[in-house]
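Single-structure report; data block below.
What follows is calculated from the coordinates using simple rules that are stated; it is not laboratory data. Keep in mind the model is a prediction, meaning the values are calculated, not measured. Glycine gets a Cβ as well: all are built from the backbone with ideal geometry, and neighbour counts include every protein chain shown.
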Amino acid sequence: MPTGKVKWYDPEKGFGFLTRDDGGDVFVRASALPAGVTSLKPGSRVEFGIVESKRGEQALSVRLLDPLPSLVAAQRKKPDELVVIIEDLIKLLDGVSNTLRRGRYPDRTTSRKVAAVLRAVADDLEPPH
């Protein structure tokens with residue numbers, strides 16, 4: 001399978017060009033990008049299939065060779081910022097615990113908010129892959 005780099009890509013127009021390692025440019029449409037990928041960064045390494053079209057070579061089944069940065073790692077909070085959040089979370093969970101001790105579950109709105117906070121804190125605590 002040919003390899004190369006992204007020459008340019010316009011996500012608004014949904015197309016761009018790749019430069020093959022062995023020379024020449026290849027047209028690439030949004031439909032050839034991997035699932036969940038909406039744009040290509042210039043200079044990114046890629047692998048792709050090629051089909052001949054009326055206008056020249058066109059890329060198929062593009063695969064990114066450069067590792068994608070982890071979104072979680074990019075948004076991960078610093079430890080000193082996380083301390084304050086954890087302390088507030090302890091207070092929040094203490095209130096939930098008191099409600100449970102009285103034999104009741106928290107109301108649906110509170111439960112959803114607490115669950116969302118727990119998931120967000122878990123994401124910040126989990127090390128990047």
Point to revise | Computed [θ] at 222 nm, helices only, for the chain once each DSSP H run of length n ≥ 4 contributes -39500 (n - 2.57) | key: -11500 deg cm²/dmol
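Report the gain in length on full extension from residue 120 to residue 108: 0.36 nm times residue separation, minus Cα-Cα distance, nm rounded to one decimal.
2.5 nm
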Practice item. Between beta-carbons, use under 14 Å as the cut-off and find the net charge around residue 99, counting Lys and Arg +1, Asp and Glu -1. Key: +4
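At a 10 Å Cβ-Cβ cut-off, how would you order 119, 76, fewest neighbours first?
119, 76
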Exercise for review: Kindly provide log₁₀ I(q)/I(0) values, in the same order as q = 0.12, 0.13, 0.26, 0.28 Å⁻¹, from the Debye equation applied to equal alpha-carbon scatterers of region 3-64.
Suggested key: -0.22, -0.26, -1.13, -1.32
Check your understanding: Which of the residue pairs 13/77; 5/78; 13/54; 91/113 have a Cα-Cα distance greater than 24 Å in the structure shown?
Key -> 13/77; 5/78
Check your understanding: For Kirkwood radius over Cα pairs in Å, the listed values are (1) 18.9; (2) 18.4; (3) 15.5; which was obtained by calculation from the structure presented?
Key -> (2)
**Study point:** Under the Karplus curve 6.51 cos²θ - 1.76 cosθ + 1.60, θ = phi - 60°, whole-Hz ³J(HN,Hα) for region 38-52, x wherever Gly or Pro sits
**Key:** 10, 8, 10, 8, x, x, 5, 7, 9, 10, 7, x, 10, 10, 7
Point to revise | Point-charge dipole on Cβ atoms (K/R +1, D/E -1) for the chain, about Cα centre, debye to 20 | key: 540
Review point. Over the chain, what is the relative contact order in whole percent, taking alpha-carbon pairs under 8 Å and six or more residues apart?
Key: 19
